[in-house]
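Since the structure comes first, as structure tokens, the remarks are kept for the end.
The values are calculated or read from the model by the stated rules, or taken from the named source; none is laboratory data. Here the structure is a predicted model, which means the values were calculated and not measured. A quick note on method: Cβ atoms are made from the backbone with ideal geometry, for glycine too, and the neighbour counts reach across all protein chains shown.
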Amino acid sequence: MKFEHYGIGIAKGLTVTIRHLFRHPVTVQHPEQRLNTSRRIRGNELVWSRDRCTGCATCAKTCPQGVIQIVTSVDLVGNKYEVAKYEVDTGYCISCGLCVESCPYGALFMGYAYERAKYRRNELVQGKEDMMLESGKKQPSGYFYPEIARELPRQTLLVERITEKA
């Protein structure tokens with residue numbers, strides 16, 4: 001074993017470290033900085049419009065996982081169905097978007113949010129109050145709705161951010 005090359009590996013490692021030390025960072029500091037996602041993102045939530053929904057349950061019938069539960073009651077005054085219960089278990093949802101595509105009245109949208117991590121399984125169930133479009137808290141994505149996609153901000157990528165600063 002020769003000791004004349006002792007420390008060359010450490011020197012090579014330090015040169016790589018020093019080279020990367022002065023480069024522009026590629027990552028984003030997540031809570032403070034956020035990238036705009038795709039306009040047609042299929043986020044891990046559904047957005048529901050109470051005004052457009054007729055209670056036909058077409059979305060529940062087309063869901064391959066069976067995660068949508070709708071209970072309706074008859075409204076005798078308005079002569080239509082009233083949605084009493086609308087729940088989606090997002091823990092089992094595969095975000096396929098078939099429910100959105102099958103809704104004949106355009107009452108269901110894929111959500112724009114993607115951060116829905118929870119500590120308990122029962123917190124993943126969205127009720128109709130949590131999903132309402134009319135509350136103003138939920139933003140629908142442009143998936144299956146190009147008129148909504150035109151209004152959303154353009155997607156930002158890490159590669160674009162680096163070249164813009166350089």
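Quick look at the values:
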quantity: Pair list, Cβ < 9 Å and 6+ apart or interchain, from the stretch 7-31 residues that are under 30 Å from Glu115 (Cβ atoms) to residues that are outside any helix (DSSP H, G or I) and modelled with pLDDT under 90; calculated: His24/Ala166; Val28/Arg34; Val28/Leu35
quantity: Some residue of the stretch 34-50 being out of contact with any helix residue (DSSP H, G or I) (no Cβ under 8 Å at 6 or more places or on another chain) and without any contact (Cβ under 8 Å) to a residue 12 or more places away in the chain; calculated: yes
quantity: In the stretch 119-138, the residues that are touching a residue at least 40 places away in the same chain (Cβ under 8 Å) and farther than 14 Å from Leu108 by Cβ; calculated: Gly127
quantity: Count of residues meeting criterion [in contact with a helix residue (DSSP H, G or I) (Cβ under 6 Å, 6 or more places away or on another chain), closer than 18 Å to Leu124 by Cα and touching a residue at least 24 places away in the same chain (Cβ under 8 Å)] in the stretch 56-98; calculated: 5
quantity: Test for Glu115: is it loosely packed, with under 12 Cβ neighbours inside 10 Å and not aromatic (Phe, Trp, Tyr); calculated: yes
quantity: Selected residue [at pLDDT below 90 and surrounded by 15 or more Cβ atoms within 10 Å (Cβ to Cβ)] from Thr27, Thr37; calculated: Thr37
quantity: The stretch 118-129, residues that are surrounded by 11 or more Cβ atoms within 10 Å (Cβ to Cβ) and within 12 Å of Thr90 (Cβ to Cβ); calculated: Lys118, Glu123, Leu124, Val125, Gln126, Gly127
quantity: Residues that are among the β-branched types (Val, Ile, Thr), surrounded by 12 or more Cβ atoms within 10 Å (Cβ to Cβ) and at pLDDT below 90, drawn from the stretch 143-160; calculated: Thr156
quantity: Hey, Ala107 modelled with pLDDT of 95 or more and of a type in the set (A, V, I, L, M) or not; calculated: yes
quantity: Odd one out for Pro31 among (1) assigned to a loop (DSSP other than H, G, I, E, B); (2) in contact with a strand residue (DSSP E or B) (Cβ under 9 Å, 6 or more places away or on another chain); calculated: (2)
quantity: Checking Asp130 against (1) in a loop (DSSP other than H, G, I, E, B); (2) under 30 Å from Val28 (Cβ atoms); (3) not polar (S, T, N, Q), the condition it does not meet; calculated: (1)
quantity: Residue list for the stretch 130-142, restricted to those being farther than 15 Å from Val67 by Cβ and surrounded by 10 or more Cβ atoms within 10 Å (Cβ to Cβ); calculated: Met132, Leu133, Glu134, Ser135, Lys137, Lys138, Gln139, Pro140, Ser141, Gly142
